[in-house]
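Chemist: This is the structure, below, for whatever I ask next.
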Amino acid sequence: MSQNNTRYLASLVLKRVLDDNRSMTQALAELPEALSPSQKGQIQDFCFGTLRQLARYSYYLNQLTEQKLSAELNPIRYLIAIGMYQLDSERVADHAALAETVDAVIPWQMPKMKGLVNAVLRSYQREQESLAKKADATGLQVTSSHPQWLISKLKKAYPKGFKKIIKANLAHPPFWLRVNTLVNSAEHFSEQLKQADIEFSQDDDAILLEQAIAVDKLPGFAEGSCAVQDKAAQQAAKLLNAQAGERVLDACAAPGGKTAHILAASPDVKEVVALDIDATRLNRVAQNLTRLKADANLIAADASDDKWWDKEQFDRILLDAPCSATGVIRRHPDIMYLRRETDIAELAKLQKQILDNLWPMLKPGGTLLYATCSVLPEENKQQITEFLQQHKDAKLAPIFDSETASDPGWQIFPGNKNMDGFYYARLVKQA
């Protein structure tokens with residue numbers, strides 16, 4: 001059996017994520033280079049779809065077997081879950097989903113498990129409806145795959161809306177593009193999409209495709225015509241609103257989408273400094289900027305200290321702070337399994353350190369835009385409220401008239417106008 005069996009490789013990715021605590025991005029990057037784009041796409045679909053419903057599939061498995069599978073048999077557990085996902089999604093014929101999933105046992109060198117995989121999936125075929133009803137009665141931890149600690153935090157923060165957030169987290173994410181106005185116009189790019197028979201809707205420079213496609217199929221992508229960027233992330237450059245002649249800092253800049261957007265939205269700025277602690281990720285910023293025909297001063301350094309700073313203050317600072325990423329679970333379902341409750345307090349502490357460190361780097365009269373892709377108040381409005389209390393020269397610059405110092409910023413929830421979950425708060429330094 002080929003080691004390139006996509007079900008086998010998908011189960012290998014899941015094992016690396018769930019057993020070895022690797023991110024999905026890391027695990028997918030380790031797939032064999034010889035795989036075709038369609039094979040890679042299928043593996044990604046298997047992994048993302050299965051992770052979104054893994055708790056449910058694990059419940060089904062436990063109902064269909066007399067004994068729970070040991071940890072050594074986790075690859076078999078993941079293969080069965082992939083098979084269940086295929087039967088649910090109806091993207092392939094049932095007999096193909098069964099046969100190819102059973103065959104994927106062979107590369108794991110567990111031939112005796114073929115019978116179990118076949119039997120469980122056939123039983124699932126017969127009992128799908130009754131099993132689903134049983135699972136629905138067990139509660140959100142099974143039906144949503146969200147850990148209980150996250151369900152509790154969401155319920156406490158948003159008692160009337162937490163179920164809607166959870167539902168949105170399990171949905172397939174939209175495919176947003178930003179037209180790169182440094183080399184293209186929205187009108188020209190939309191015409192190119194029409195000529196390529198790519199269906200889309202448009203909101204200024206933001207383009208929403210009806211279906212996700214490979215970026216090499218996008219008109220002029222290699223030449224910098226557009227960037228893949230969620231509409232929520234596209235708000236950063238607009239809210240920062242850098243002006244001609246200003247010096248701008250993009251802190252925690254990787255992978256560089258917001259850096260490039262700042263430069264496209266404000267091409268006459270004096271300088272944009274893109275700062276990131278990870279030199280490898282900063283290389284990706286450089287690659288993205290090169291493709292998008294944009295130029296920034298890249299610095300690999302820690303935003304929580306000032307050793308890198310040349311003592312020249314910035315007119316505007318974007319802090320896209322390290323966060324729990326609980327607003328982008330639909331794009332990264334591995335977050336549900338890799339994130340821990342203890343991470344939240346540690347991240348909030350780091351966010352505060354970075355905010356405190358960057359504030360002296362802002363000119364009097366300057367603007368700092370704080371951003372996260374989180375939906376948790378500890379990382380968002382609570383962070384900003386405390387900062388305003390502790391820095392008397394900081395003043396809230398409301399995005400909306402309804403904002404107050406005790407309820408600051410713009411919390412975007414996943415699925416709101418097809419956007420990812422995001423938070424923005426804008427601060428001005430008083431002279």
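Chemist: Identify, by number, the condition in (1) at pLDDT 95 or above; (2) of a type outside the set (D, E, K, R); (3) within 32 Å of the chain's Cα centre (by Cα) that residue 120 doesn't meet.
Modeler: (3)
Chemist: Name every residue in the stretch 260-297 that is without any contact (Cβ under 8 Å) to a residue 40 or more places away in the chain and of a type in the set (Val, Ile, Thr), in order of residue number.
Modeler: 269, 272, 277, 280, 285, 290
Chemist: Further, regarding this structure: Which members of the stretch 410-423 meet the condition of being surrounded by fewer than 24 Cβ atoms within 10 Å (Cβ to Cβ) and not polar (S, T, N, Q)?
Modeler: Of everything in the stretch 410-423, those that are surrounded by fewer than 24 Cβ atoms within 10 Å (Cβ to Cβ) and not polar (S, T, N, Q) turn out to be 410, 412, 413, 415, 417, 419.
Chemist: Same structure, new question: Hey, which of the strands (runs of 3 or more DSSP E) in the stretch 310-418, taking only ones fully inside, have at least 3 residues that are more than 30 Å from residue 211 (Cβ to Cβ)?
Modeler: Details: elements: 314-320, 362-372, 394-396, 410-412.
Where strands (runs of 3 or more DSSP E) fall fully within the stretch 310-418 and carry at least 3 residues being more than 30 Å from residue 211 (Cβ to Cβ), they are 314-320, 362-372, 394-396.
Chemist: Here are some conditions: (1) touching a residue at least 40 places away in the same chain (Cβ under 8 Å); (2) in contact with a helix residue (DSSP H, G or I) (Cβ under 7 Å, 6 or more places away or on another chain). Residue 396 meets all but one. Which one does it not meet?
Modeler: (1)
Chemist: Only one of 151, 82 is surrounded by 20 or more Cβ atoms within 10 Å (Cβ to Cβ) and either in a helix (DSSP H, G or I) or within 29 Å of the chain's Cα centre (by Cα) (or both); which?
Modeler: The match here is 82.
Chemist: Do you know which residues across the stretch 1-25 are surrounded by fewer than 14 Cβ atoms within 10 Å (Cβ to Cβ) and not acidic (Asp, Glu)?
Modeler: Kept after step one, since they are surrounded by fewer than 14 Cβ atoms within 10 Å (Cβ to Cβ), are these residues of the stretch 1-25: 1-3, 19-21, 25.
Matches in the stretch 1-25: 1, 2, 3, 21, 25.
Chemist: Also, quick follow-up: It is to be established whether one or more residues within the stretch 180-197 are among the small types (Gly, Ala, Ser), buried (at least 17 other Cβ atoms within 10 Å of the Cβ) and assigned to a loop (DSSP other than H, G, I, E, B).
Modeler: No; the residues of the stretch 180-197 include none that is among the small types (Gly, Ala, Ser), buried (at least 17 other Cβ atoms within 10 Å of the Cβ) and assigned to a loop (DSSP other than H, G, I, E, B).
Chemist: Related question: Where residues in the stretch 44-79 are assigned to a helix (DSSP H, G or I) and of a type in the set (Gly, Ala, Ser), which of them is nearest to the chain's Cα centre (by Cα)?
Modeler: Taking the stretch 44-79 first, the residues assigned to a helix (DSSP H, G or I) are 44-52, 54-64, 71-79.
Filter once more, keeping what is of a type in the set (Gly, Ala, Ser): 49, 55, 58, 71.
Working: 49: 15, 55: 20, 58: 24, 71: 29 Å.
Among them, the one singled out is 49.
Chemist: I've got another one for you. Suppose we filter 173, 159 for residues that are surrounded by 14 or more Cβ atoms within 10 Å (Cβ to Cβ) and in a loop (DSSP other than H, G, I, E, B); which single one remains?
Modeler: The unique qualifying residue is 173.
Chemist: I've got another one for you. Report whether or not residue 259 is under 21 Å from residue 368 (Cα atoms), of a type outside the set (A, V, I, L, M), part of a helix (DSSP H, G or I) and at pLDDT 95 or above.
Modeler: Yes.
Chemist: Could I ask something else about it? If a residue must be in contact (Cβ under 8 Å) with a residue 40 or more places away in the chain and aliphatic (A, V, I, L, M), how many such residues does the stretch 28-70 contain?
Modeler: Residues meeting the conditions: 5.
Chemist: Also, I was wondering about something else. Can we say residue 268 is within 25 Å of residue 183 (Cα to Cα), over 23 Å from the mean Cα position of the chain (by Cα), surrounded by fewer than 18 Cβ atoms within 10 Å (Cβ to Cβ) and at pLDDT 95 or above?
Modeler: Criteria met by residue 268.
Chemist: If you scan the stretch 106-118, which residues turn out to be out of contact with any Ser or Thr (no Cβ under 9 Å at 6 or more places or on another chain) and either in a helix (DSSP H, G or I) or crowded, with 16+ Cβ neighbours inside 10 Å (or both)?
Modeler: 106, 110, 111, 112, 113, 114, 115 - these are the residues of the stretch 106-118 that are out of contact with any Ser or Thr (no Cβ under 9 Å at 6 or more places or on another chain) and either in a helix (DSSP H, G or I) or crowded, with 16+ Cβ neighbours inside 10 Å (or both).
Chemist: Whether any residue in the stretch 153-172 is in contact with an Asp or Glu (Cβ under 6 Å, 6 or more places away or on another chain), among the hydrophobic types (A, V, I, L, M, F, W, C) and modelled with pLDDT of 95 or more is what I want to check.
Modeler: For the stretch 153-172, residues in contact with an Asp or Glu (Cβ under 6 Å, 6 or more places away or on another chain), among the hydrophobic types (A, V, I, L, M, F, W, C) and modelled with pLDDT of 95 or more: absent.
Chemist: Sticking with this one: Residues in the stretch 346-353: is at least one of a type in the set (Lys, Arg) and within 23 Å of residue 412 (Cα to Cα)? First the steps, then the outcome.
Modeler: Step one: filter the stretch 346-353 for residues of a type in the set (Lys, Arg), giving 349, 352.
Adding the requirement that they be within 23 Å of residue 412 (Cα to Cα) leaves 349, 352.
Yes - at least one qualifying residue is present in the stretch 346-353.
Chemist: Which is over 21 Å from residue 422 (Cα atoms) and either in contact with a helix residue (DSSP H, G or I) (Cβ under 6 Å, 6 or more places away or on another chain) or assigned by TED's automatic domain parsing to the domain that holds residue 242 (or both), of 303, 321, 296?
Modeler: The conditions single out 296.
Chemist: Only one of 224, 256, 245 is at positive phi and either out of contact with any Lys or Arg (no Cβ under 9 Å at 6 or more places or on another chain) or not assigned by TED's automatic domain parsing to the domain that holds residue 304 (or both); which?
Modeler: Selected residue: 224, the only one of 224, 256, 245 that is at positive phi and either out of contact with any Lys or Arg (no Cβ under 9 Å at 6 or more places or on another chain) or not assigned by TED's automatic domain parsing to the domain that holds residue 304 (or both).
Chemist: What are the pairs with Cβ atoms under 9 angstrom where one residue, in the stretch 143-168, is closer than 15 Å to residue 413 by Cβ and the other, located anywhere, is of a type in the set (D, E, K, R) and buried (at least 20 other Cβ atoms within 10 Å of the Cβ)? Sequence gap at least six, or different chains.
Modeler: Short answer, once both residue conditions are applied: 162/153; 168/330.
Chemist: Suppose we filter 227, 254, 237, 260 for residues that are within 19 Å of residue 397 (Cα to Cα), crowded, with 22+ Cβ neighbours inside 10 Å and out of contact with any Phe, Trp or Tyr (no Cβ under 7 Å at 6 or more places or on another chain); which single one remains?
Modeler: 237
The values are calculated or read from the model by the stated rules, or taken from the named source; none is laboratory data. Worth saying up front: this structure is predicted, and the values here are computed from it rather than measured. A quick note on method: Cβ atoms are made from the backbone with ideal geometry, for glycine too, and the neighbour counts reach across all protein chains shown.
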